[in-house]
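The values are calculated or read from the model by the stated rules, or taken from the named source; none is laboratory data. These figures come from a predicted structure and were not determined experimentally. Because the Cβ atoms are built from the backbone with ideal geometry, glycine has one as well, and the counts that use them run over all protein chains shown.
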């Protein structure tokens, strides 16, 4: 895993990402609120709790990007040269979740 990803994972687990709440605590900013919904912007809020980000599909987009990357890794390991289309991947995931 790339060092930047490891750093992100560690900082997110311990709440050390530069959210507005942390920037206020570190004396770098004065307003701890989320620019989208005006709630306190913590690491948890940014990654999974902002209702506006959810309604705009931002978490779904991030989830789908993760699935695309996973599909690329699996395809590479299987020796495939072409990846499934994004819509097909999303459709299969949604169908799998419903059954």
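In segment 66-75, the condition of being assigned to a helix (DSSP H, G or I), in contact with a strand residue (DSSP E or B) (Cβ under 6 Å, 6 or more places away or on another chain) and at pLDDT 90 or above is met by no residue.
Can you find even one residue in segment 46-57 that is modelled with pLDDT of 90 or more and assigned to a loop (DSSP other than H, G, I, E, B)? Looking through segment 46-57, at least one residue is modelled with pLDDT of 90 or more and assigned to a loop (DSSP other than H, G, I, E, B).
Across segment 4-32, the number of residues qualifying as under 18 Å from residue 50 (Cβ atoms), at pLDDT 95 or above and outside any loop (DSSP other than H, G, I, E, B) comes to 5. When residue 38 is tested against (1) exposed (fewer than 13 other Cβ atoms within 10 Å of the Cβ); (2) in a helix (DSSP H, G or I); (3) at pLDDT 90 or above, exactly one condition is not met: (2).
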